[in-house]
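Colleague: Provided herewith is a single structure, encoded as structure tokens, for subsequent inquiry.
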There are 2 protein chains.
Amino acid sequence: MSTSDAPTGYHHGDLKRALLEAAFEMLDAEGTDGLGLRELARKVGVSPAAPYRHFRSRQALLEAVAIEGFRRFSAMMEAKQAHTPEPRQLVAMAEAYVRFALVQPALFRLMFSQQVDKRANKALHQAAVDAYASLAKAAAREVPEAPSEGAVIAWAFVHGLSMLLLDDQLLGVSPQNSDSLIRNLAQRFVAGLRTGVAPNPQVR
Amino acid sequence: MSTSDAPTGYHHGDLKRALLEAAFEMLDAEGTDGLGLRELARKVGVSPAAPYRHFRSRQALLEAVAIEGFRRFSAMMEAKQAHTPEPRQLVAMAEAYVRFALVQPALFRLMFSQQVDKRANKALHQAAVDAYASLAKAAAREVPEAPSEGAVIAWAFVHGLSMLLLDDQLLGVSPQNSDSLIRNLAQRFVAGLRTGVAPNPQVR
DNA sequence: ACCTGAACACCGTTCAAGT
DNA sequence: ACCTGAACACCGTTCAAGT
């Protein structure tokens, strides 16, 4: 029973995939700092040196996790866009952005942390750029006179709101539950984006 | 010469202060992860166990640094407010917020990281709340119909912009230097805040 | 080709012991 | 009261050696 199905001497026949899966499981349980290569090897049932056959370093493993995180994030954002009628797209995507951060806090933090290096890792950089694209497009549509500025402002808002919520920084601000708080803020923000961001601001 | 001025057997007569000063020096040079208790002890010329006379743990030391960071941040923000005529206060403070993050990136990151625990450390929580107050007041003044929402939206924007800049996430977005980029975005954002955030948003 | 075992140079933290 | 020295239980990483 047990030995007949086992492909080789060890696990799944694919240690790299097994390590990544274990890393995702461990991430939100222990946080990024608790995600050690030794502990990961232990969990998968392999020696401390074995992961180095598949990842050059702990950082490389974290970057692989972050890339997969950005891909899931992009897929979620694009699905949200596809399932929402156009006038409400930006609000819906803003809410989805923040909710992703709240549902997978450690993964979200890792994706935007200095522990992964987007300058050195081209695949990671591309995954991050792709993740930005869908939100940016929806935001730019709301501010056709200044599309790139509108996109960055929208990104900054949703990213900042996510970070402040993750850091428990908004506890004293509102008694509402986070769902309605997020919706309320997103609607107000988008309304402001539509009406006021576009005109060229006075320099003084 | 050398022994006559030395107060006691060791440094300054105040190891706690010496450790904190060394921590601030090391922060932006090495980042928070490079800020180890042993290395700190080495730098100050003391045994690895000595810091534990003054800080219960490495985390406690980091929280002391974060508290001091929030105090400097608050002082800077209030000075900015005091030196700026009212109609331009919010834009000026938004710029100052982002610039603080860019000038002391590791300190700013530490202040808003999960490495310090605002739920467990009351002094830290208070320092963070105080830092929020001045920006929130200026933002609420711009949106009298919805002051708390306006304050949170403004905070989210400046915080998100800071984080995205620190993470090198905005590199491909604009060719401008960061000073004029920040100013441009802050002006547009505040214009939108003034004109569009206040009205009660429609639910659909 | 892929993994093990043992080692190296580190950590944070504790604790008896010194002054 | 404050600090040292030595130890404990960990890390990430390397490297010879096994199969």
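What follows draws every value from the coordinates through simple rules; no lab data is involved. These numbers were taken from a predicted model, which means no experiment stands behind them. Cβ coordinates were reconstructed from backbone atoms using ideal geometry, including for glycine residues, and neighbour counts include every protein chain displayed.
Colleague: Closest to the A-onto-B rotation axis, which residue of chain A has its Cβ, and how many Å off the axis is it?
Modeller: Taking Cβ atoms only, the nearest residue and its distance are A:GLY160, 1.
Colleague: What percent does the relative contact order of the range B:62-195 come to when contacts are Cα pairs within less than 8 Å and at least six residues apart? Mind dumping the intermediate values first?
Modeller: Details: 123 pairs, mean separation 40.8, N = 134.
Relative contact order here is 30 percent.
Colleague: Right, here's the next one. Using the count of nearby Cβ atoms within 10 Å as a rough guide to exposure, how do B:GLU86, B:GLU63, B:GLU68 rank from fewest to most?
Modeller: Fewest-to-most Cβ neighbours within 10 Å comes out as B:GLU86, B:GLU68, B:GLU63.
Colleague: Cα-based Rg of the range B:9-56 per 2.2 N^0.38 Å, rounded to two decimals?
Modeller: Here the answer is 1.06, to two decimals.
Colleague: List A:HIS54, B:HIS83 from most exposed to least, where exposure is judged by having the fewest other Cβ atoms within 10 Å.
Modeller: Ordered from fewest to most neighbouring Cβ atoms within 10 Å, A:HIS54, B:HIS83 come out as B:HIS83, A:HIS54.
Colleague: Further question: Sorted from shortest, what are the nm distances separating the label point of A:GLY31 from equivalent points in the other copies, each placed 7 Å from Cα along Cα to C-beta?
Modeller: Nearest to farthest, the other copies are at 1.7 nm.
Colleague: Grab the DSSP H runs of chain B that are 4 residues or longer, score each as -39,500 (n - 2.57), total them, divide by all residues and round the 222 nm result to the nearest 500 deg cm²/dmol.
Modeller: My calculation for chain B gives -21500 deg cm²/dmol from helical runs alone.
Colleague: Report the local net charge at A:MET77: Lys and Arg +1, Asp and Glu -1, summed over other residues whose C-beta lies under 12 Å from its C-beta.
Modeller: Taking every Cβ under 12 Å from that of A:MET77, the sum is +2.
Colleague: Starting from the coordinates of the alpha-carbon atoms of the protein assembly as shown, obtain the Kirkwood hydrodynamic radius over all distinct pairs and give the value in Å to one decimal.
Modeller: So the Kirkwood estimate lands at 23.1 Å.
Colleague: Sticking with this one: Averaged over B:113-120, how many beta carbons belonging to a partner chain fall within 10 Å of each residue's beta carbon?
Modeller: Per residue, the number of nearby Cβ atoms from other chains is 3 on average.
Colleague: If the cut-off is 29 Å between C-alpha atoms, which lysines fall inside it for B:LYS43, apart from same-chain ones fewer than 8 positions away?
Modeller: Counting by Cα, and skipping residues close in sequence, B:LYS43 has these lysines nearby: B:LYS16, B:LYS118.
Colleague: Report, in cubic angstrom per residue, the convex hull volume of the C-alpha atoms of chain A.
Modeller: Spread over its residues, the Cα hull of chain A gives 169 Å³ apiece.
Colleague: Taking the label point as lying 7 angstrom from Cα along the Cα-to-Cβ axis, what are the distances from A:ALA50 to the corresponding position in the remaining copies, in ascending order and in nanometres?
Modeller: Ordered by increasing distance: 4.5 nm.
Colleague: In nm, what does the list of distances from B:PRO147 to its counterparts in the other copies look like, shortest first, when each label sits 7 Å along Cα to Cβ?
Modeller: 4.0
Colleague: Enter the Cα centre distance for the pair the range B:140-197 and the range A:26-99, rounded to the nearest angstrom.
Modeller: 27 Å
Colleague: Give the value in nm², to one decimal: projected area of the alpha carbon convex hull of the range B:91-131, averaged over all directions. All intermediate terms of the calculation are to be shown ahead of the outcome.
Modeller: Numbers: hull surface 12.5 nm².
For the range B:91-131, averaging the hull's shadow over all directions gives 3.1 nm².
Colleague: Tabulate in residue order the Karplus-calculated ³J(HN,Hα) for the range B:145-162, using 6.51 cos²θ - 1.76 cosθ + 1.60 with θ = phi - 60°, rounded to whole Hz; enter x for Gly and Pro.
Modeller: Once rounded to whole Hz, the list reads 6, 8, x, 6, 5, x, 5, 5, 4, 5, 4, 4, 4, 5, 5, x, 4, 4.
Colleague: Still on this structure, I have one more. So for the range A:102-180, Kirkwood radius off the Cα pairs, Stokes-Einstein at 25 °C and 0.890 mPa s: how many µm² s⁻¹?
Modeller: 171 µm²/s
Colleague: Averaged over its residues, how many other protein chain Cβ atoms are within 10 Å of peptide B:146-155's Cβ atoms?
Modeller: On the way: counts 3, 0, 2, 8, 4, 1, 12, 9, 3, 7.
Mean partner shielding for this stretch: 5.
Colleague: Can I ask one more? If I take every Cα pair under 8 Å that is 6 or more residues apart in the range B:9-56, average their sequence separation and divide by the length, what percent do I get for the relative contact order?
Modeller: Numbers: 29 pairs, mean separation 17.8, N = 48.
Relative CO of the range B:9-56 lands at 37 percent.
Colleague: Could you work out the mean count of beta carbons from other protein chains within 10 Å of each residue's beta carbon in B:162-169?
Modeller: Mean shielding count: 6.
Colleague: Quick check on the exposure proxy: order A:SER180, B:SER74, B:SER174 from fewest to most C-beta atoms within 10 angstrom.
Modeller: Fewest-to-most Cβ neighbours within 10 Å comes out as A:SER180, B:SER174, B:SER74.
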